[in-house]
1. Within segment 346-365, does at least one residue satisfy the condition of being within 30 Å of residue 220 (Cα to Cα) and hydroxyl-bearing (Ser, Thr, Tyr)?
2. Going by the structure shown, is residue 198 under 27 Å from the mean Cα position of the chain (by Cα), surrounded by 11 or more Cβ atoms within 10 Å (Cβ to Cβ) and either at pLDDT below 75 or in a loop (DSSP other than H, G, I, E, B) (or both)?
3. Exactly one condition in (1) touching a His at 6+ places or on another chain (Cβ under 9 Å); (2) of a type in the set (S, T, N, Q); (3) more than 19 Å from residue 264 (Cα to Cα) is not met by residue 376; state its number.
4. Would you pick out the residues in segment 347-387 that are touching a Lys or Arg at 6+ places or on another chain (Cβ under 9 Å), part of a loop (DSSP other than H, G, I, E, B) and farther than 21 Å from residue 172 by Cβ?
5. Of the residues 264, 293, which is surrounded by fewer than 18 Cβ atoms within 10 Å (Cβ to Cβ) and either more than 30 Å from residue 356 (Cβ to Cβ) or modelled with pLDDT of 90 or more (or both)?
6. Considering only segment 170-181, how many residues are modelled with pLDDT of 80 or more, outside any helix (DSSP H, G or I) and not aromatic (Phe, Trp, Tyr)?
7. Considering only segment 313-330, how many residues are part of a helix (DSSP H, G or I), out of contact with any strand residue (DSSP E or B) (no Cβ under 6 Å at 6 or more places or on another chain) and crowded, with 17+ Cβ neighbours inside 10 Å?
8. Within segment 368-383, can you find the residues that are under 17 Å from residue 160 (Cα atoms) and among the aliphatic types (A, V, I, L, M)?
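The values are calculated or read from the model by the stated rules, or taken from the named source; none is laboratory data. Just so we're clear, the structure is a prediction, and the values are computed from it rather than from any experiment. Cβ placement follows ideal geometry from the backbone for every residue including glycine, while neighbour counts extend to all protein chains displayed.
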Amino acid sequence: MAAAASIVGLAIELGIERKLLYCWRDQHEDGGSIALRRAGRPSRASILDAPGPGRAGGLRPGPDAAADRGTAAQDRPATVGFGFFSRSLAACQGATPGERRSWRDGLYAVIHAQTPPQGHAEIERLCQLAGVSWSGYYRNWQASAPRQEETAVRDDIQRLSLAERHYGYRRLTVLLKRSGWAINHKRVARIRRADNLLCVSAKTFRPATTDSRHRFLVYPNLARWLVPATVNQLWVADITYIRLSEEFIYLVVILDAFSRLVVGWAVASHLRASLALEALDMALATRDVGPDGLIHHSDRGVQYACGDYIARLERTGIQPSMSRAGCPWDNAMAESFMRTFKREEVNGRAYRDEAHVRQSVGPFIEEVYNRQRLHSALAYRSPEAYEA
């Protein structure tokens with residue numbers, strides 16, 4: 001920060017007034033990082049009185065200020081850019097552990113003084129520019145001002161609980177850690193209980209949508225011991241219902257078992273084989289399937305065992321596989337998706353008709369489930385992020 005010509009660039013980079021930068025520079029030159037930490041955010045009077053280029057005794061402009069600014073802009077070296085502030089701070093961190101600790105404490109004090117309540121975006125930006133971690137900042141804050149830290153973390157938990165009303169304490173813990181909080185799931189669960197923040201739970205009733213009493217061939221279970229190592233090795237399919245005021249609407253989905261990504265889905269007011277074929281066509285259109293390398297697993301329902309569906313699988317080189325009779329655990333992954341879908345999309349909603357269902361189901365699957373929802377089996381990543 002010794003180069004006065006870079007002050008304007010630094011102020012733009014940090015989004016603060018350059019008067020404040022002059023004041024920090026002088027405090028650091030007088031007493032080092034310890035004086036900077038003790039000073040915190042300076043008052044407006046000290047900022048105005050702090051010396052700077054082109055000033056007679058402080059930051060109040062002198063007669064030659066405009067000329068000095070023009071000369072400084074012309075003489076500014078090309079290498080001085082937006083990264084100058086970060087490099088300058090890194091050069092001042094000291095050689096011993098004590099000096100580095102004092103350097104970090106001073107930066108944390110300045111960052112805290114610069115960020116208002118609800119200012120987590122500014123904290124992230126300032127920590128990035130200063131070359132320190134979010135978690136280190138929050139640990140320092142917790143040690144120096146525990147009540148303020150407790151209030152802030154409660155505010156974040158309440159905000160996330162309202163935004164992600166179907167998330168439990170474990171997924172909220174992951175989101176908080178990604179935001180920089182040094183927090184574990186036990187503390188998150190304790191705060192949620194104290195604040196009566198409960199996620200929306202699922203209903204237990206699920207009507208049967210499988211008719212296995214048919215004359216078609218039932219295929220053996222090829223997926224029982226299969227653990228996919230990449231995409232397009234195992235697809236799982238299932239059907240569920242969506243209740244309207246006067247009728248039922250049915251949803252068919254096909255998931256890639258490797259990433260839990262929904263590769264095909266369809267909605268209709270009937271349970272004919274054409275509904276399952278529509279979802280299969282979508283999956284085949286979005287995935288590059290090679291011959292003899294993919295297994296399609298489903299229950300024994302007539303929609304999946306009929307001649308048209310099996311013929312479509314065989315033409316594309318997909319091997320059919322079916323669950324054992326009366327054993328929903330053989331298709332647990334698809335059942336798990338249906339449970340998530342009912343809990344996070346259907347429950348608490350009042351759909352008008354089939355078109356309304358289609359308009360709501362599509363964005364949930366494509367935007368929320370595939371791209372945003374965190375899966376514990378995927379190391380708390382979304383299906384699309386897991387495949388990337």
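1. Taking every residue of segment 346-365 in turn, none turns out to be within 30 Å of residue 220 (Cα to Cα) and hydroxyl-bearing (Ser, Thr, Tyr).
2. Values: under 27 Å from the mean Cα position of the chain (by Cα): yes; surrounded by 11 or more Cβ atoms within 10 Å (Cβ to Cβ): yes; either at pLDDT below 75 or in a loop (DSSP other than H, G, I, E, B) (or both): yes.
Yes.
3. (1)
4. Scanning segment 347-387 gives a single hit, 351.
5. 293
6. Start the filter on segment 170-181 by keeping residues that are modelled with pLDDT of 80 or more, which leaves 170-179, 181.
Subsequent filtering for residues that are outside any helix (DSSP H, G or I) retains 179, 181.
Those left that are additionally not aromatic (Phe, Trp, Tyr): 179.
Count: 1.
7. Start the filter on segment 313-330 by keeping residues that are part of a helix (DSSP H, G or I), which leaves 313-315, 328-330.
Pick out the ones that are also out of contact with any strand residue (DSSP E or B) (no Cβ under 6 Å at 6 or more places or on another chain) and you get 314-315, 328-330.
Subset that is crowded, with 17+ Cβ neighbours inside 10 Å: 330.
Count: 1.
8. Scanning segment 368-383 gives 368, 374.
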